[in-house]
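A short write-up of the structure that comes next.
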Amino acid sequence: MRAAPELASTPLLLQGRRVVVLGSGGGLGQAVALTAGAAGAEVLGVDDARAFDGLAALYRAELSDPAALDAVVAALPEGIDALALFPDPGAGDPASVLARALLAPRHLAEALAPKLAAGAAIIARAAPPHAAWAASLAETRAAAALRWDDVAGFVTRWGLDGEPARAPRTAGWGLLAWVMAHRWAWAGRGIRVNALTPAAPDGRLPPEIAAARGLQASAGITQAANAALFLMSDLSTGLTGANLAADGGLSARITTQLDGL
């Protein structure tokens, strides 16, 4: 298997820009932070995990604590050019996954919006399509509007306690619905809001797709991070409310199978 094809040198698409990355401590969030830094950005990380040399600063916060996130918002500077929302959902119970992967990014985006520069970009991680999408629309709508004080009740109402592995998908679909609903929320300041769908929360490709493309599974991380770079840059100014599938063709395969195309 070959590694992901990488650019000889990352274009300085974010030269002089200030980027905040939620989830910078590991996984896809760290890959996005590293890619943004290589593209010339000043990268400010927000996470409860470790820092690394690619950050200009790390703002530590417990991602399941809205008060801690509000403290980070107060401490962050004005004039943020891009906000990338890729926290590690963790391997905890469904309530923890929803708090980290859905509520924390949504909360940070809404609270930080007044500090974003004109023309800024917000990018959130969505989840790939599934046969259950149509049947899950009510759950997805409820997830998009989920409150911090109702997480336990949501888990019970929608049966996630019996299917904990479904929680990351629910979080991703809820965040996608939030992105589409907020496509014009801050349009008066030129702020665009888009989603990015990797093959998995950490960006890795499924073995069968990696094999079909002659790549290592880890190649998906680099490819998804490069797609996030595009969405953070001025090259994507015509997009808002969109969902970019950087998943090696997984979404296309699922959709064609479901729709018989």
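Here the Karplus relation 6.51 cos²θ - 1.76 cosθ + 1.60, evaluated at θ = phi - 60°, turns the backbone of region 126-140 into coupling constants of 9, 10, x, x, 7, 4, 8, 4, 4, 6, 9, 4, 5, 5, 5 Hz, with x for every Gly and Pro.
Using the rule -39500 (n - 2.57) for each DSSP H run of four or more residues, divided by the residues of the chain, the 222 nm mean residue ellipticity is -11000 deg cm²/dmol. In terms of other Cβ atoms within 10 Å, Leu205, Leu137 run from fewest to most in the order Leu137, Leu205.
In this structure the amide hydrogen of Leu196, modeled in the peptide plane, comes within under 5 Å of the amide hydrogens of Ala124, Arg125, Ala126, Leu244, none closer than 5 places in sequence on its chain. Between Gly90, Gly174, Gly29, the residue with the greatest mean-square fluctuation in the GNM of the chain (Cα pairs under 10 Å linked by springs) is Gly90.
With +1 assigned to the C-beta of every Lys and Arg and -1 to the C-beta of every Asp and Glu, and no other charges, what is the dipole magnitude of region 18-259 about the Cα centre in debye, to the nearest 20?
Working: 18 positive and 22 negative charges, 101 e Å.
In total the dipole reaches around 480 debye.
Computing Rg/Rh (Cα atoms, Kirkwood Rh) directly from the structure and comparing it against (1) 1.10; (2) 0.95; (3) 1.01 singles out (2).
Which of Leu239, Leu116 has the fewest other C-beta atoms within 10 Å, and how do the rest follow up to the most?
Working: Leu239 16, Leu116 23.
In order of increasing Cβ crowding within 10 Å: Leu239, Leu116.
Estimated at 0.36 nm per residue, the fully extended path between Trp148 and Leu239 surpasses their Cα-Cα distance by 29.8 nm. Ordered by the number of other Cβ atoms lying within 10 Å of each residue's own Cβ, fewest first, Thr237, Thr140 fall into the sequence Thr237, Thr140.
For the chain, modelled as a GNM whose springs connect Cα atoms under 10 angstrom apart, the maximal fluctuation among Gly37, Gly25, Gly249 occurs at Gly249.
Residues of region 146-174 with an amide N closer than 20 Å to a point placed 7 Å from the Cα of Gln257 along the Cα-to-Cβ direction: 165-170, 172-173. Between Arg141 and Arg183, the modelled label-to-label distance comes to 1.8 nm, taking each label 7 Å out from Cα in the direction of the beta carbon.
Estimated at 0.36 nm per residue, the fully extended path between Ala91 and Gln15 surpasses their Cα-Cα distance by 23.8 nm.
Taking the chain as a Gaussian network of alpha-carbon nodes connected by springs under 10 Å, the highest mean-square fluctuation of the residues Gly54, Gly220, Gly153 belongs to Gly153.
No lab work stands behind these numbers, since they all come straight from the coordinates. Small disclaimer: the values here were computed from a predicted structure and weren't measured. Note: ideal-geometry Cβ built from the backbone for every residue, glycine included; neighbour counts use all protein chains shown.
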